[in-house]
Number of protein chains: 2
Amino acid sequence: MSGWVTVAGLGPGAEDLVTPEVSAALAEATDVIGYIPYVARIAPRPGLTLHATDNRVELDRAAHALELAGAGRRVVVVSSGDPGVFAMASALFEALEADPRHAALDIRILPGITAMLAAAARAGAPLGHDFCAINLSDNLKPFALIERRLRHAARGDFAMAFYNPRSSSRPHQFARVLEILREECGSDPLITFARAVSTPDERLVTISLSEAQPGMADMRTVVLLGNSATRRVGRWIYTPRRAEDAP
Amino acid sequence: MSGWVTVAGLGPGAEDLVTPEVSAALAEATDVIGYIPYVARIAPRPGLTLHATDNRVELDRAAHALELAGAGRRVVVVSSGDPGVFAMASALFEALEADPRHAALDIRILPGITAMLAAAARAGAPLGHDFCAINLSDNLKPFALIERRLRHAARGDFAMAFYNPRSSSRPHQFARVLEILREECGSDPLITFARAVSTPDERLVTISLSEAQPGMADMRTVVLLGNSATRRVGRWIYTPRRAEDAP
């Protein structure tokens, strides 16, 4: 039987947010590869080999998946959320570019519920108008580029979703992000810290940007910033569909 | 039994992209409300009333859902894709804001696979780095705001996803969008026209922005624009995870 590799999104955590398409791919797999906590979500069964690796080896993991598929294995690379949003799909194509031997492989990317959409649904509809998704980690890009994007997103009055807002290796950077946003956002928009949505550890806090503290985020948090029109209705927040141009 | 209202995302079209969470809500519903083609995806069964309405009555539809739930019905408002991305969740909260009688209702928003993520997965990983989602319809916002957001998104070198790129009521506007993007994008980025992803009518075309023609999009198309680093690898396109700041 010929091998294949699929990069699949497991969604934010709850099993009932995994699509049937992803479940079917996992049921056919001989090998599952991914970051330790994501592989831990896959039930072991005879004939399935689980390959759990550390978070900092995305490219090695992708190359390993291509090797196994090239050797005839049926490989699922698991990501949390959606594999195309700050996750394993880009790493797989980087590995493919680096090793053209695998150009003819059967590759599929299976979408999933990404963290910002799960968090937005829990909060209401803060991304109900135009929005940006920005990865705040500076592992693979300079902070100057992050700053430039934050300023343009704010000047365009986009709502924003921030992935990887804060880690122990760069505790001060998110404080700088909040400063930049306060400089740029003329209004005082609502900001939601959504941690571990759809898991037992889920916690949501919505406050105004001026009240936000860096310590409110960690690496399990996605942060949603409203635009100038985002508002509360009861316990919900939402961004209206209707908008005027700014003065 | 007390009523509830759930706004649920059906994903882009294929049944195996509907989450189990959404399927479970539909199985418990007494009423399903939505735009005609989305309600047509729901299998009739005894005890379930289907309410299919035209696309231009989102607020009436949301108010109707609140009324039914307030009267004790179990109501699912169906959206395609994700309900929080240019869909029915914001309309529901607008209706709630307009009618505080329903403030105590049991409301849930259930996320779904939004069109840009399904399209990106089919194309490869064009949204693998920071990106913006922009609704190009000017039904509810002035074109000047759309133009401002396009220019900021381009100056921030964001990848972009465009919803509702073109309709018969505004055939010329998407041509203007392409002009603005060509003015702003110093490179000649890749652009993907993804129509009806995951349905039998699916069709994907990737070309360079300079080759794009307005007629390549219609209302069933989501358009993905790469950033300056987005490239092809074999039949795929992807945006690398690593980025430098622009000069």
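The values are calculated or read from the model by the stated rules, or taken from the named source; none is laboratory data. In this text the structure is predicted, and so the values were computed from the model without any measurement. Cβ atoms come from the backbone with ideal geometry, glycine included; neighbour counts cover every protein chain shown.
Matching residues to (1) out of contact with any Pro (no Cβ under 9 Å at 6 or more places or on another chain); (2) surrounded by fewer than 22 Cβ atoms within 10 Å (Cβ to Cβ); (3) farther than 26 Å from residue A:160 by Cα:
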| position | (1), (2), (3) |
| --- | --- |
| B:150 | yes, no, no |
| B:186 | yes, yes, no |
| B:197 | no, no, no |
| B:205 | yes, yes, yes |
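Residue B:135 - would you say it is farther than 27 Å from residue B:189 by Cα and not small (Gly, Ala, Ser)? No.
Applying the condition of being in contact with a Lys or Arg (Cβ under 9 Å, 6 or more places away or on another chain) and more than 21 Å from residue B:229 (Cα to Cα) to the stretch A:126-146 and asking which residue is farthest from the other protein chains (Cβ to nearest Cβ) yields A:129. Just one of (1) touching a Gly at 6+ places or on another chain (Cβ under 9 Å); (2) at pLDDT below 95 fails for residue B:197. It is (2). From the list A:18, A:5, A:32, the one residue that fits, being within 18 Å of residue A:85 (Cβ to Cβ) and surrounded by 21 or more Cβ atoms within 10 Å (Cβ to Cβ), is A:18. Residues of the stretch B:101-142 that are assigned to a helix (DSSP H, G or I) and either surrounded by 24 or more Cβ atoms within 10 Å (Cβ to Cβ) or within 19 Å of the chain's Cα centre (by Cα) (or both): B:115, B:116, B:117, B:118, B:119, B:120, B:121, B:122, B:123.
Checked against (1) at pLDDT 95 or above; (2) more than 22 Å from residue B:163 (Cβ to Cβ), residue B:226 passes all but a single condition, namely (2). Taken across the stretch A:220-230, residues that are crowded, with 20+ Cβ neighbours inside 10 Å, facing chain B (nearest Cβ under 9 Å) and not in a strand (DSSP E or B) do not occur at all.
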